[in-house]
Amino acid sequence: METERRKIKLGIIGVGNMGSGHARNIVNGSCPDFELAAVADVNEERLAWFKTEISDQVTLFTDAITMLDSGLIEACIVAVPHYDHTTYAIECMRRGIHVMVEKPAGVYTRQVREMITEADRHPEVVFGMMFNQRTNHIYRKVRELVQSGTYGQIRRTNWIITDWYRPQAYYDSSDWRATWSGEGGGVLLNQCPHQLDLWQWICGMPVKVDTHMQFGKWHDIEVEDDVTTYVEYENGATGVFITSTGEAHGTNRLEIQMDRAQIVTDGKELHVLEFDKTEQEFSAENKIPFATVDAHEIVPETDGKNEQHIGVLNAFGGAILDGTPLIADGREGIRGLTLSNAMHLSAFLGHPVEIPFDEDLYYAELMKRVATSRRKTGGKTVFADTSNTYSGNH
């Protein structure tokens, strides 16, 4: 007779928009390896709402550390404002509690290195990062094509990701949003960790970043809501990354030009133009001034799966119970954050920066802005259902 698979007792720190979404997925059975045992949130009204709207079978805490010390949980999701991601992840690790951290990994790379160091002290702890866009079959296929070697090297990458539109009401929904002291950045820290992670996951890390960004261009906020970045890669390839939360009907287009292919996707459809030979081979042989290399469209096969947050959590459960791979190891979170920190530093200083950059200088520049941050006070937090905002990009 087959033994029933045991359930992992899970806790969630922070049951705001994302944390409550994860809780619903656990309670409704979408993540069968988990049993939601406890949640913690400093907002008692939110806990009362949770008990009424999501589950009255879960132990509620107003203090996360008390929950971690309760003995009720063996795994935890950290879904709090960005500055505290590393703090609570480290507290979980020190107690032997498996931990899944919402994106971004943190606000600045120096604190994330501390988190990684702590993780390395506890190899028995499963440490994951909530990079749900890595479950998208389109981006998985793009990565496979780029890294296979079939199409040679990357020549140029372009990602315009401006369909992260947010109205002013979004920024007014909580006092920590869009402030240097509460969030540590704008579109790069809140919306674009997904794309920054995918960009480096697919194409690798650049070695130089030159960024122009505008702060509060489209909204009454103090952080960036409009960004244009130019990067250079070690092999001489270049790239451009453009993002904004101010375009009501924006665009999502990732284009990768390679020696023997052009790859274009919006995250929903994938177009691959395969050249009959590499551009280098064609150019060396061709004698016709305005000719171009012959090419043909191909339709790459994918598994069609796009499991998003549920997929990440189910992989987390598998890693704990069976030792199977995570969607994203928590240590990988520093890469996309390195990109956003480098972009901010370039904009702060007004010139290009190389990767690796001076992390102490970045921290000092960030703290200058934190010191004068006009974080809102006295406002009431407005929560919203995010369940339909992330299947594509949002």
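The values are calculated or read from the model by the stated rules, or taken from the named source; none is laboratory data. This is a predicted model, so every value here is computed, not measured. A quick note on method: Cβ atoms are made from the backbone with ideal geometry, for glycine too, and the neighbour counts reach across all protein chains shown. Accessible surface is based on the protein model in full, side chains and every heavy atom, while ligands, DNA and RNA are left aside. Shrake-Rupley method; radii C 1.70, N 1.55, O 1.52, S 1.80 Å.
The residue that is surrounded by the most Cβ atoms within 10 Å (Cβ to Cβ), among those in region 54-90 that are part of a loop (DSSP other than H, G, I, E, B) and of a type in the set (Asp, Glu), is 74. For region 1-17, a tally of residues being touching a strand residue (DSSP E or B) at 6+ places or on another chain (Cβ under 9 Å) and outside any loop (DSSP other than H, G, I, E, B) returns 6. Please work out if residue 93 is in contact with a His (Cβ under 9 Å, 6 or more places away or on another chain) and assigned to a helix (DSSP H, G or I). Yes; evaluated as a whole, the condition is true for this residue. Across region 259-271, the number of residues qualifying as in a strand (DSSP E or B), open to solvent by less than 60 Å² (accessible area, probe 1.4 Å) and out of contact with any helix residue (DSSP H, G or I) (no Cβ under 7 Å at 6 or more places or on another chain) comes to 3.
Kindly state which helices (runs of 4 or more DSSP H) lie completely within region 119-205 and contain at least 2 residues that are of a type in the set (S, T, N, Q).
Working: elements: 137-147, 168-171, 187-190, 193-203.
Of the helices (runs of 4 or more DSSP H) lying wholly inside region 119-205, those with at least 2 residues that are of a type in the set (S, T, N, Q) span 193-203.
Among the candidates 220, 210, the residue that is open to solvent by 10 Å² or more (accessible area, probe 1.4 Å) and assigned to a strand (DSSP E or B) is uniquely 210. When the residues of region 280-302 are filtered to those that are more than 17 Å from residue 257 (Cβ to Cβ) and of a type in the set (D, E, K, R), the one that is farthest from the chain's Cα centre (by Cα) is 287.
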